[in-house]
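The values are calculated or read from the model by the stated rules, or taken from the named source; none is laboratory data. This one's a predicted model, so the numbers in the text were calculated from it and none came from an experiment. Backbone-built Cβ (ideal geometry, glycine too); neighbour counts: all protein chains shown. In case anyone asks, the SASA skips ligands and DNA or RNA and just uses the protein heavy atoms, side chains included. Shrake-Rupley method; radii C 1.70, N 1.55, O 1.52, S 1.80 Å.
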Amino acid sequence: DNDGICDPFELPPVLQIPADTLAECGASLPAATASGGCSEPVITFEDEIVEGNCEGNFSIFRTWTATDNCGNSASRVQTILFQDTTAPELNAPEDYTIECSDELVLDDATATDICSSFQIEETSVTTPGDAAGNYVIVRTFTATDDAGNSASATQTITVQDTTAPEFTFVPADYTVECSDEMPMDDATASDNCGEVT
């Protein structure tokens with residue numbers, strides 16, 4: 001350090017850059033370092049980005065430059081290949097149990113991805129139970145990003161019939177002479193989920 005006095009014979013800063021690397025998209029990378037020159041060098045960089053076959057795969061040619069206050073500088077180029085090998089983070093709706101007469105709540109799944117856009121697809125399988133009002137729905141969600149990485153999650157909805165039938169008509173009590181014919185009217189009933197016997 002020459003206290004800001006520039007020596008025309010002063011060598012430029014010595015620049016140490018990170019090695020060429022293959023990195024996961026979104027990863028943080030180390031910085032270059034420099035020493036020497038007629039003052040503490042200031043390090044800057046400029047990037048040239050070359051797109052790859054999808055959003056999360058691309059190359060950066062990073063030109064690092066270290067400059068001291070006398071204008072001496074040194075530059076070197078680092079090659080960084082970014083790739084997207086991480087699937088989206090997928091969150092499926094919570095499992096729940098519902099009465100067969102209640103309305104199903106079919107919430108959507110959500111996802112995030114640090115590198116690229118994604119799509120969420122849904123499939124659903126219904127498994128019958130031992131009665132019309134008892135069954136299970138399994139919803140499978142799959143989130144796939146632009147690089148083809150995917151993650152899956154499921155939601156299980158258990159539908160059950162726990163409500164007894166309700167009589168809609170019961171014949172009234174009556175008294176009859178033993179010699180008279182006895183009316184045997186049927187009772188009727190309804191149920192929230194199935195047939196009634």
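Per residue, the solvent-accessible area of the range 92-131 (1.4 Å probe, heavy atoms of protein chains only, all protein chains present) comes to 74 Å². Per residue, the solvent-accessible area of the range 20-66 (1.4 Å probe, heavy atoms of protein chains only, all protein chains present) comes to 59 Å². Along its three principal directions, the equivalent ellipsoid of the chain from the Cα gyration tensor extends over semi-axes of 80, 15, 9 Å, largest first. Percent relative contact order of the chain, based on C-alpha pairs within less than 8 angstrom and at least six residues apart? Computed value for the chain: 17 percent relative contact order. The accessible surface of the range 104-197, taken with every protein chain in place and a 1.4 Å probe, is 50 percent carbon and sulfur. Please work out the C-alpha center-to-center distance from the range 44-76 to the range 102-132 and express it in whole Å. Each part reduced to its Cα centre gives a spacing of 44 Å. Normalised per residue, the accessible area of the range 140-197 is 72 Å², obtained with a 1.4 Å probe and no contribution from ligands, DNA or RNA. Between THR63, ASN91, ASN149, the Cα set farthest toward the positive side of the dipole of the chain (charges on each charged residue's Cβ, about the Cα centre) is that of THR63.
Couplings 3J(HN,Hα) for the range 123-131, derived from phi with the Karplus relation 6.51 cos²θ - 1.76 cosθ + 1.60 (θ = phi - 60°), are 10, 9, 10, 10, 10, x, x, 8, 7 Hz, where x marks Gly and Pro.
Please report, as a whole percent, how much of the solvent-accessible surface of the range 21-92 comes from carbon and sulfur atoms (probe radius 1.4 Å). Reported share for carbon and sulfur atoms: 49 percent. The overall shape of the range 14-82, judged from the alpha-carbon gyration tensor, is prolate: a/c is not under 1.5, and a/b is greater than b/c. DSSP beta bridges fully contained in the chain are about 85 percent antiparallel. Diagonalising the gyration tensor over the Cα atoms of the range 65-138 and scaling each eigenvalue by 5 before taking the square root yields semi-axes of 57, 13, 8 Å, largest first.
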